[in-house]
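A quick write-up on the structure given underneath.
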Amino acid sequence: LGLALYAGSLCTVSGATFLYHDYCIIGAGPAGLQAAYFLQQAGRDYIVFERSHAPGSFFALYPRHRKLISINKQYTGKSNSEFNLRHDWNSLLSHDRRLLFRHYSRDFFPNADTMVRYLEDFASLLKLRVQYNTAIIHVTLEKNEQAWNGHYFLLTDQDRKNYKCSSLLVAAGTWVPNVVNFPGSEYVEGYETVSINPEDFVGQTVLILGRGNSAFETAENILGVTNFIHMVSRSRVRLSWATHYVGDLRAINNGLLDTYQLKSLDGLLEGDLEDLAIVKDKKGKLHITLRFYLENRNISAGIDSITLPQDELDNFATRAPYDRVIRCLGWKFDFSIYNRSLRMMPGKGNIKKYPQIKPSYESRSTRGLFVLGTASHSVDFRKSAGGFIHGFRYTTRAVHRLLENRHHGVPWPSTVYPITQLTNSIIKRVNEASGLYQMFSVLADIILLRENATAFEYLEEYPIGVLAELEMQTGRKAHNGLFVIIMEYGRNFSGADKDVFYYNRAVGEAQHAWQSNFLHPVIYYYKRLPTEREMRLRHPDWPLPRPDAIHHIVEDFLTDWTAPNAHILPLRRFLENCLSTDLRNFFAESCFLFAFTHQKLPASCQQGYVRMQGLVGSRELWHHAVQAGLLQDYAHTDFSGDRPPDSHDESQEEFMRDHGIPVRPLQHLVNAKDE
Amino acid sequence: MSAQKDAWVSSLVFLLFSACSIPRSGSASLQQEPSPQHYFSGLEAGRASLAFFTPSVSPGAQPFLEQIESSAEALQDYGVSVVKVNCPKEDVSRYCDKENALRKAFLFRGNRLIREFPTDSLFDVNSIVANVLFALLFNEVKYVETLADLENIENVLKGKSNMVFAYVPATGTAEHRAVMEAAFVYGTIHQFVLTTEAALLKATSHDDPDVSSAWLLFCHCQRATEPAQPCRRTALAQPLTLLNIHRHLQLMGAPLVTEVAEDPEKISTVHLQLGLPLVFILSQKETYEADRRTAEFVAWQLLGKAGVALLSRDLVHLNVLHRSNVALKTPDEGMPIQYLVLEDTDEVITLVEDKNKVKQIQEDEQEEEEEDEDEKENNNQDIQDDQVVEAVSRVKKRELPMEQILVLTEENFHSSLSEAARTVVLFYASWEAVSLTVLRSYSEVAAHLKGTPGVLLSRVNCWDWPGLCSQENVTQFPSMRIYKEGQQSVTYGGMWGTEELSSFILLSQVSCPLKLATMDEAERYLRGEFPPELSSHHHTSLLGVFSTATSEAREAFEEAGNILSGQVRMGMYFEDDALALSQKYSVSPPALLLARSGGRGVEGIALSKHSVQDVVQMIRYELLDIFPEITVPNLPQYLQLGKPFLILFSAGDISQKESKEMLKLAKGRPQQAFVACWLNLKKTPVGHGILRTYFSTTPSLPVLLWVDLHAGGQVFKFPSEQSITEMNILSWLEKLQAGLEIPSSTLSEEDWKPPLPAYDFLQMMEPSVPELSPHPGDTLVQHPPKSPGGDTARGDTATREEPSQESRAEEVGSPGRDLRGTALRLAARDKQGKRHSEL
């Protein structure tokens, strides 16, 4: 097959020469490289196109002030590499432990140059196939019944070189700056070019358009040297610690909020930028006015003829003239290179900067075109981390797994466990899995039950948006019910106007776990796979439709969900009741008793003891189980006749007697469940 | 006083008996006197008699005569004789004159005439008895006409004795008679007061009384200490019959609250004897005073309707809900006592007063109790019921001695493996109970094997190093592997006990199978002396003997050795003199020589199978004992045979004789049919648990049982009077197979269901998170057409859960309801209103 592919990798269509690859990736940013890594690992035929001479060209320029706001936590007190990724927002996923960001920077908020260096290393150390200096300027489709998706993607670069792919992975990011057009917008400087030298702002009065992290970052940089800074944007400021969304204003950038609220001349204003107009006076000062004042005027008539708001409203807020106006309005996806036939449409409302995609990250209109990375953030915009490295490294892996199943017949990786491992496998994952943690409410672990619930299959980090298509997308069967494990914040806990520090915000008791506010594991149980209709009709605030049963593991201050009584026990009860079985562990001795007194054995005995893997335990443990009333001590309960001295028995008895063991009948164990 | 009372009571019992049999012909008791002279001369002093005088023939007086005759018997009970005195024609004395004869009746006490009654006032038996007793009990029964009179009497009685006040619409009625009859019995105990004045009736009863019906009040004046306060009154709710009055007075006379300190099932009070329920207020030491007041309060409310007893839970062990605060014992035979949790006194009263309601409340209670049970279960839900988890968490603070065990990490894992010839690695998760249990055994193994050369014990915490564990393909915890340089690792698959783990590690020291070079080595191997590493290991040795030609069998044997590595001590001999060796044990190669532990000689078995699986299976089978002692670790091996067990439970070692007989049995008969084995209760004390499950007590030992573990689960006991011999057992087994024996027990067929319910978060969320419920619009409009099955189920759950939502809300709303642990404060009156508003 490989030969055939290489042989066919040069093909000629309507006179042009096409270089063929199964997978084409546009963009060698973090998402493009991440996708390349998985394709490379799977031995797929792929190529990455990068317009710049090096990977991560976005990071070569942005953020302008060079400080990344993604955390690089070097120490967590744990060696668990999976867990540590929860607090490493910069590394990409790979098997190479050298490629952890903490080896690149010791800064908690690293410099953007480090990211560029990291990405270069990632591409080179892993020998990813990246074609630099190749800017794809046009993408179109070629219908072909033989093709994986009924068409090939035809790509053209700046040198009119053509490429042909079966599957197109767009990891081009959002790099086109958002601009607004209003009278006087020519006086506005853009974030992408504005000076980052504070010296240039000394004694100036600055107006910043926009309210995102770039706007605040810009303000932060010049806060100390300006007269004052005003910020205008349409919506109120959204603080990431209130919204639990990393894309909102981060505390590291919010110095201006301080000076505004403490009345130190800086300020925030809300208003629609579209209504704005800027006029320059003779001294070069910029005045804010409103578009409708200008509508019937001839601007060339000069500033004096223009009405300013303060002429009518003499306490108009932005009546003071500005020396500079800076636009920091973010970026959008470059829709221009896609042929109409691909119908790459912008999303609606606040996700218009992203192309429309399905929860499987596939384009809504073009089969085989997947959007990865920042550009795929429409799936979880303002919710989870899919627009950021620490989120999309997982969604990219998920897309890769979908592709492996779709095109190569490799089902979604899964592990089959005996049912006795059910509680453990969940506990293990909710405690260490970083994909579940970062991509909360977007990626979910799925447990597919086998017949009679004696075993189960564990699938990691599946996009829950396409839960209904699980069987088709993963190649696994979900006939006997399933558990979906996701992480959630409490409802009504996240929002720009929420008080996230109110008293008793944290829930401590397992039985009130459903009221947990901070990120905590939630397990949904479905007797059958939800249908697409059910997925569609679910409440918009809910990641999933109504389950047959639900379990919340109570939020934990340390995010350590291994407490036997508060975390594991309620989970076991939930699982037991869903499966209608007893999932307790038993010592071999208990199993021995059950084997002689019951025709059926609990799962732990059935899958352990009977298979000669019984849990023998130690005398000390038995003693404690007896004390807890969970094991009966038959050694000296009643004995007719004498006991010849037997050193072993005797010492054991003495040991137990010394500890004063109450002998309690184990109704609930021995005569189990008579009720 | 008490003796007298008893006498009264017994007389009344008699009276009741006779009162019931009034319609009987009374002619027998009607005395006939031939003449007045005769009559008067016969009168005894102090004895009352009612006489009427009749001319010899007087047809007009017939109806009256009939009545008087009927009343004779009734009056006889009160010591009043009824005498018909014949007036001879010539007698025209006072009684026999025309005025009186047949128009009047005369009541005499002794000779003295007390009262003369016009015969028209003696219209029936009732009026006769009433009037006669009224006349006789002139002192005992006061007749009052005004309220003032009544109050005077009441005031005089206060603190001294009680008063029975009766209103009858007219004298001579049945009610009047009943009152008088009662007064005859109780007149000396209580002051009886009678009136026919309707005004008095109105003054004493609350509502608008019906003046045409009689009315009786018991006034508790004896208890009344406040002169200004009227005595407490308890009306008789039933019609005024002698029986009802008697009951009423009996009840009024009983103690208000009975204190009880024994099993309520055994308690009997006058209330129960009279067919009334008895209410127990369950009390505790801590709340005794308040409970006592509550009980008295309730008792006053229930006076005449039910008895009230105060039961101290501290003195009586009750196997009932701790929250129960009230018990109700009904007079019906065989009805169990109901234990209830009631909110306030009104509920108790309602419980008793409204018979119809009783049932309903009970049902409610049951629901509530179910709820309680839920609650109780909810409380237990957070109590650990996993014996392993609980045991481990109880010892979590005790550090394990782990110095002997090397901690491996992602960094040093591979380098460490290359350091020792054999590295034992335990993969575990530090938060997981089974792992920690095994880790404890493992640390004991480490102590045990300390100093054993060439073995390195180590561990990997997969919670710290998940990458390493998944790289090593460890998906389950715990998991133990032995890594040998240059070879594939061997995963342990046996019991997680110290002994078994040690044995595995020791056996893994030598290759499996071990190639033996000389005849001498082979012999020493069979004796357990070779190789020296295993000299301390006393297990069955297995030696494969092959002539060089039989390479196919040898390869299979070698492959089987790989599989059984660490489990079985396997040797292999294929030198030239292999034939000689095998023939020593009367087999020819390829053969297995089996040297069982305990020096039981060497068995030779021909090796006829050549597939690896068959060889493995054969080896496993051959390693099983013929008549094993069943222990916790070895049972699974025998369970796998899938045969019934013939098992001898013994208090200690079994006797030589029994052992011999059983061995004969096991060897002789078709071994395939069952597993003959024995159990040493001393070594395997859990056997007591088995016997107790079968027989509820431990039978006399030794006991031989047939346990069909795999089919039907029946347990048969070998008759204890027979001695355990092969013959006896065989004939018993035959009978057993023929279905002639009755099983002593049958193994539980129960499924292993969840021990306790889970928190129903779905239900908890619904009230506060309405969006969880399917959108009403969606469900109504869109749900029915598609996939009806699933959607109906959904709809059902939604409706079913509605009431429980309410109850949940209620629970949340009034935390004060949770009075668990102390007796419920019935007197908490304010709660009642709240409850109603909630409902």
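The values are calculated or read from the model by the stated rules, or taken from the named source; none is laboratory data. All figures in this text were calculated on a predicted structure; none of them were measured in a lab. Glycine also receives a Cβ, built like all others from the backbone with ideal geometry; neighbour counts cover every protein chain displayed.
If you go through segment A:584-599 and pick out every residue that is within 7 Å of another protein chain (Cβ to nearest Cβ), in contact (Cβ under 8 Å) with a residue 12 or more places away in the chain and not in a strand (DSSP E or B), you end up with 10. Checking the stated criteria, A:Arg536 turns out to be of a type in the set (Lys, Arg), facing chain B (nearest Cβ under 10 Å), surrounded by fewer than 20 Cβ atoms within 10 Å (Cβ to Cβ) and free of Cβ contacts under 8 Å to residues at least 60 places away in the same chain. For segment A:165-206, the candidate set comprises residues that are without any contact (Cβ under 8 Å) to a residue 12 or more places away in the chain and outside any loop (DSSP other than H, G, I, E, B); within that set, the residue that is surrounded by the most Cβ atoms within 10 Å (Cβ to Cβ) is A:Asp200. Taking the criterion of being in a loop (DSSP other than H, G, I, E, B) and of a type in the set (D, E, K, R), would at least one residue in segment B:542-556 satisfy it? Looking for residues that are in a loop (DSSP other than H, G, I, E, B) and of a type in the set (D, E, K, R), one finds none in segment B:542-556, hence no.
Scanning segment A:573-583 for residues that are at the interface with chain B (Cβ under 7 Å from one of its Cβ atoms) and not polar (S, T, N, Q) turns up A:Arg573, A:Phe574, A:Glu576, A:Asp582.
Taking the criterion of being closer than 16 Å to B:Phe218 by Cα and buried (at least 19 other Cβ atoms within 10 Å of the Cβ), the residues of segment B:154-175 that qualify are B:Glu154, B:Leu157, B:Lys158, B:Asn162, B:Met163, B:Val164, B:Phe165, B:Ala166, B:Tyr167, B:Val168, B:Glu175. Restricting A:Gly391, A:Gly409, A:Gly347 to those that are assigned by the TED database to the domain that holds A:Ala31 and either within 30 Å of A:Leu100 (Cβ to Cβ) or out of contact with any strand residue (DSSP E or B) (no Cβ under 8 Å at 6 or more places or on another chain) (or both) reduces the list to A:Gly391. Taken over segment B:445-466, the criterion of being of a type outside the set (A, V, I, L, M, F, W, C) and modelled with pLDDT of 90 or more is satisfied by B:Ser458, B:Arg459, B:Asn461, B:Asp464, B:Pro466.
Here B:Thr409 fulfils each of the conditions (1) surrounded by fewer than 21 Cβ atoms within 10 Å (Cβ to Cβ); (2) part of a strand (DSSP E or B); (3) modelled with pLDDT of 90 or more apart from (2).
Annotation note: of B:Gln387, B:Gln366, B:Gln381, B:Gln362, the sole residue that is modelled with pLDDT under 70 and surrounded by 15 or more Cβ atoms within 10 Å (Cβ to Cβ) is B:Gln362. Examine segment A:569-579 for a residue that is surrounded by fewer than 24 Cβ atoms within 10 Å (Cβ to Cβ), out of contact with any Leu (no Cβ under 8 Å at 6 or more places or on another chain) and of a type in the set (Asp, Glu), and state whether such a residue exists. No, segment A:569-579 contains no residue that is surrounded by fewer than 24 Cβ atoms within 10 Å (Cβ to Cβ), out of contact with any Leu (no Cβ under 8 Å at 6 or more places or on another chain) and of a type in the set (Asp, Glu).
Of all residues in segment B:666-695, those that are closer than 16 Å to B:Phe645 by Cα, at pLDDT 85 or above and in contact with a helix residue (DSSP H, G or I) (Cβ under 9 Å, 6 or more places away or on another chain) total 10.
Considering segment B:636-741, the qualifying helices (runs of 4 or more DSSP H), each wholly inside and each with 2 or more residues that are farther than 29 Å from B:Leu623 by Cβ and under 32 Å from the mean Cα position of the chain (by Cα), run over B:686-695. Within segment B:442-454, if we keep just the residues that are buried (at least 21 other Cβ atoms within 10 Å of the Cβ) and among the hydrophobic types (A, V, I, L, M, F, W, C), the residue that is farthest from the other protein chains (Cβ to nearest Cβ) turns out to be B:Ala446. In the set (1) without any contact (Cβ under 8 Å) to a residue 60 or more places away in the chain; (2) touching a Ser or Thr at 6+ places or on another chain (Cβ under 7 Å), B:Ala178 fails one condition alone, (1). Exactly one residue among B:Ala580, B:Ala517 is in contact (Cβ under 8 Å) with a residue 12 or more places away in the chain and part of a helix (DSSP H, G or I), and that residue is B:Ala580.
Among the residues in segment A:294-308, are any among the polar types (S, T, N, Q) and in contact (Cβ under 8 Å) with a residue 24 or more places away in the chain? Step through it out loud before you land on a result.
Residues of segment A:294-308 among the polar types (S, T, N, Q): A:296, A:298, A:300, A:305, A:307.
So of that shortlist, the ones also in contact (Cβ under 8 Å) with a residue 24 or more places away in the chain come out as none.
Within segment A:294-308, none of the residues are among the polar types (S, T, N, Q) and in contact (Cβ under 8 Å) with a residue 24 or more places away in the chain.
Of the candidates B:Phe477, B:Phe504, the single residue that is within 14 Å of another protein chain (Cβ to nearest Cβ) and either of a type in the set (A, V, I, L, M) or under 24 Å from B:Arg398 (Cα atoms) (or both) is B:Phe477. If the condition is being assigned to a loop (DSSP other than H, G, I, E, B) and facing chain B (nearest Cβ under 7 Å), then segment A:557-571 contributes only A:Thr562. Taken over segment B:714-763, the criterion of being facing another protein chain (nearest Cβ under 7 Å) and in contact with a helix residue (DSSP H, G or I) (Cβ under 9 Å, 6 or more places away or on another chain) is satisfied by B:Leu747, B:Ser748, B:Trp752, B:Lys753, B:Pro754, B:Pro755, B:Leu756, B:Pro757, B:Ala758, B:Tyr759, B:Phe761, B:Leu762. Look at segment B:625-653: where a residue is away from every other protein chain (no Cβ under 11 Å) and within 13 Å of A:Val610 (Cα to Cα), no partner that is assigned to a strand (DSSP E or B) and basic (Lys, Arg) sits 6+ places away or on another chain with Cβ atoms under 8 Å.
If the condition is being among the hydrophobic types (A, V, I, L, M, F, W, C), within 21 Å of B:Cys512 (Cα to Cα) and modelled with pLDDT under 85, then segment B:569-590 contributes B:Phe574, B:Ala578, B:Leu581. Across segment A:499-532, the qualifying residues are those that are away from chain B (no Cβ under 14 Å) and under 22 Å from the mean Cα position of the chain (by Cα), and the one among them that is modelled with the lowest pLDDT is A:Val500. Of all the numbered requirements in (1) surrounded by fewer than 18 Cβ atoms within 10 Å (Cβ to Cβ); (2) over 19 Å from A:Ala28 (Cβ atoms); (3) touching a residue at least 60 places away in the same chain (Cβ under 8 Å); (4) not acidic (Asp, Glu), A:Arg129 misses one, and that requirement is (2). Checked against (1) touching a residue at least 60 places away in the same chain (Cβ under 8 Å); (2) crowded, with 19+ Cβ neighbours inside 10 Å; (3) closer than 30 Å to B:Ser393 by Cα; (4) over 20 Å from the mean Cα position of the chain (by Cα), A:Ala549 meets all criteria but (1).
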